[in-house]
């Protein structure tokens, strides 16, 4: 009688137990994909644009603290400005990990149109223009941060770009919280038809400039149009 191979005996063609040959790169429950939409250069460019815009917003809010007469709004702006300073610091620390160059070389605006937007957003300086100040930040700029960060997080690699995703999640939490605070402040100030007109007119002006810029990271901030 011919002996048959025992079912527990490994076949001579089976891979050895101490090798990874034939093993899937990720566990069956891990559905992450290795490639993302951005290479290192594109990620570094976007991060540099984010840092520049966050710094500009920090400077704007910090400057307004001295001119806004409403005490509750003054205090809230003081808190928010340091959120954006922290975001800029997080992006600054991320840049050297992405490119072997000085972060300052990448800390630039996306384009001249974005510079024009910031110039227009920070133009209202008089104490009675609190509505215009808040509209620019909380109804135009911060929604653009949220959109750009969300697009970046959803389109980069969870494996190779995990540090960027972590930074975005920290920033997004603040952006959403500040957005809510800003809308509450605006609704507390907009109480007459004249206020409504002022807010709408200023928002339309700034929206047009932001559309020309293409977002905080320029055209493609939320993908191809």
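The values are calculated or read from the model by the stated rules, or taken from the named source; none is laboratory data. All values reported here derive from a predicted model rather than from experimental measurement. Here Cβ is always computed from backbone atoms with ideal geometry, including for glycine, and neighbour counts include all displayed protein chains.
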(message) Looking only at segment 49-69, count every residue that is modelled with pLDDT of 95 or more and in contact with a helix residue (DSSP H, G or I) (Cβ under 6 Å, 6 or more places away or on another chain) and tell me the total.
(response) 13
(message) Please go through segment 169-219 and give me each residue that is surrounded by fewer than 16 Cβ atoms within 10 Å (Cβ to Cβ) and either touching a strand residue (DSSP E or B) at 6+ places or on another chain (Cβ under 9 Å) or assigned to a loop (DSSP other than H, G, I, E, B) (or both), ordered by number.
(response) 191, 192, 219
(message) Exactly one of these conditions fails for residue 82: (1) crowded, with 17+ Cβ neighbours inside 10 Å; (2) in contact with a helix residue (DSSP H, G or I) (Cβ under 8 Å, 6 or more places away or on another chain); (3) at pLDDT 95 or above. Give me its number.
(response) (1)
(message) Given (1) more than 13 Å from the chain's Cα centre (by Cα); (2) within 26 Å of residue 75 (Cβ to Cβ), identify the lone condition not met by residue 146.
(response) (1)
(message) Within segment 94-101, does at least one residue satisfy the condition of being modelled with pLDDT of 90 or more, loosely packed, with under 15 Cβ neighbours inside 10 Å and assigned to a helix (DSSP H, G or I)?
(response) no
(request) From (1) farther than 30 Å from residue 71 by Cα; (2) over 17 Å from the mean Cα position of the chain (by Cα); (3) part of a loop (DSSP other than H, G, I, E, B), pick out the condition that doesn't hold for residue 110. (result) (2)
